[in-house]
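See below for the structure under consideration.
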Amino acid sequence: MEDYFWAFVVGGLICVIGQLLLDIGKFTPAHTMSILVVTGAVLEGLGLYEPLLDFAGAGAGVPITSFGHALVQGAMIEAEKTGIIGIFTGLLETTSAGIAAAIIFSFMAALFFKPKE
Amino acid sequence: MSNKQKKKLTPVQQQYHSFAKEREPRRPVLANCLRAFLVGGLICILGQGIFDFFRYVLDFSEKAAINPMVVTLIFLAIILTVYGVYDKMAQWAGAGTAVPITGFANAMAAAAIEHRTEGFVLGVGGKMFKLAGAVIVFGVFSAFIVALLKTTLAMLGVI
């Protein structure tokens, strides 16, 4: 049960940061999402995102910041095996499921559904 | 608007600018943040539930359960987008629906459906990444820099 509590709190707080960027920072949604992804990548680089994931589970895994984390993580796993070229081969490895699913389901949505209103 | 841009304006334009700014509706920042917290947190609870389902019911390992969780969330978000539900939720929740991975999926599906009238290649294919493209480009580039720095430092024996 505790897992769910911390997932809620941490996930909610990351969304509040996003909301503050929108409202106070006056960034567009695209800028806000980009800032959060870059933040996730930098935090992973500093070794801070993994502990956050251990602590908050889906609270850190579901927000878009985890996309930045997963990109760096994939690149580092391969880079440890094969050096610099591993960054290129590993970069999109962990995020493949998310990107592929989003492309495939979005295409199917466009195939079978018409715009609402 | 920055001061540099302001200087280029004529006095009348400057007057109008401050006039318009005074009448701009104030954003209810606190209420927006509370909604974002509530909805964003609930989406993460849902994610945790799906994660636990794959982990304990279908016996995935802790690392392996993340991928099916992400795919399931994306699938659900796109179903809700198709029926116009996600966009209604987004109007109320703001960043609460935009920041989770479901917002990324929603942006892609909405763009794909919206541009369908322009054809499948130029519309759906070309415009699907209208917002999601920025996330992928900046994510990939920043991750590349971070990974390159870490790898170089590791090779030099600094870390």
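The values are calculated or read from the model by the stated rules, or taken from the named source; none is laboratory data. Since the structure is predicted, the reported quantities are computational estimates derived from the model, not experimental observations. For neighbour counting, all protein chains shown are included, and Cβ atoms are generated from backbone atoms with ideal geometry for every residue, glycine included.
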Sort out which residues of the range B:130-159 are crowded, with 20+ Cβ neighbours inside 10 Å and within 30 Å of B:Ala111 (Cβ to Cβ), and write them in order of number. B:Leu131, B:Ala132, B:Val135, B:Phe138, B:Gly139, B:Ser142, B:Ala143, B:Val146, B:Ala147
Just one listed residue, out of A:Ile64, A:Ile24, is surrounded by fewer than 20 Cβ atoms within 10 Å (Cβ to Cβ), at the interface with another protein chain (Cβ under 7 Å from one of its Cβ atoms) and either touching a helix residue (DSSP H, G or I) at 6+ places or on another chain (Cβ under 8 Å) or among the β-branched types (Val, Ile, Thr) (or both), and it is A:Ile24
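Looking only at the range B:126-148, filter to residues that are assigned to a helix (DSSP H, G or I), farther than 18 Å from A:Ser96 by Cα and more than 7 Å from chain A (Cβ to nearest Cβ); which one of those is nearest to the chain's Cα centre (by Cα)? Even if it seems obvious, please write down each step before you answer.
Taking the range B:126-148 as the starting set, the residues that turn out to be assigned to a helix (DSSP H, G or I) are B:126-127, B:132-148.
Now drop any that are not farther than 18 Å from A:Ser96 by Cα, which leaves B:126-127, B:145-146, B:148.
Right, trim to more than 7 Å from chain A (Cβ to nearest Cβ) and you get B:126-127, B:145.
Values: B:Gly126: 19, B:Lys127: 16, B:Ile145: 22 Å.
Applying the filter and picking the extreme gives B:Lys127.
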All conditions in (1) within 7 Å of chain B (Cβ to nearest Cβ); (2) out of contact with any Ser or Thr (no Cβ under 7 Å at 6 or more places or on another chain) are true of A:Ala41 except (2)
Restricting attention to the range A:77-96, and to residues there that are under 17 Å from A:Val37 (Cα atoms) and not polar (S, T, N, Q), which single residue is modelled with the lowest pLDDT? A:Glu93
Hey, which of the helices (runs of 4 or more DSSP H) in the range B:1-104, taking only ones fully inside, have at least 3 residues that are out of contact with any Leu (no Cβ under 7 Å at 6 or more places or on another chain) and free of Cβ contacts under 8 Å to residues at least 60 places away in the same chain? B:3-7, B:11-23, B:29-52, B:66-82, B:85-93
What is the one condition in (1) more than 22 Å from B:Ser61 (Cα to Cα); (2) surrounded by fewer than 19 Cβ atoms within 10 Å (Cβ to Cβ) that A:Glu93 does not satisfy? (1)
Hey, among the residues in the range B:78-107 that are more than 7 Å from every other protein chain (Cβ to nearest Cβ) and touching a Phe, Trp or Tyr at 6+ places or on another chain (Cβ under 6 Å), which one's farthest from A:Ser66 (Cα to Cα)? B:Leu80
Failed condition for B:Ala64, given (1) surrounded by fewer than 17 Cβ atoms within 10 Å (Cβ to Cβ); (2) in contact with a Gly (Cβ under 7 Å, 6 or more places away or on another chain), with all others met? (2)
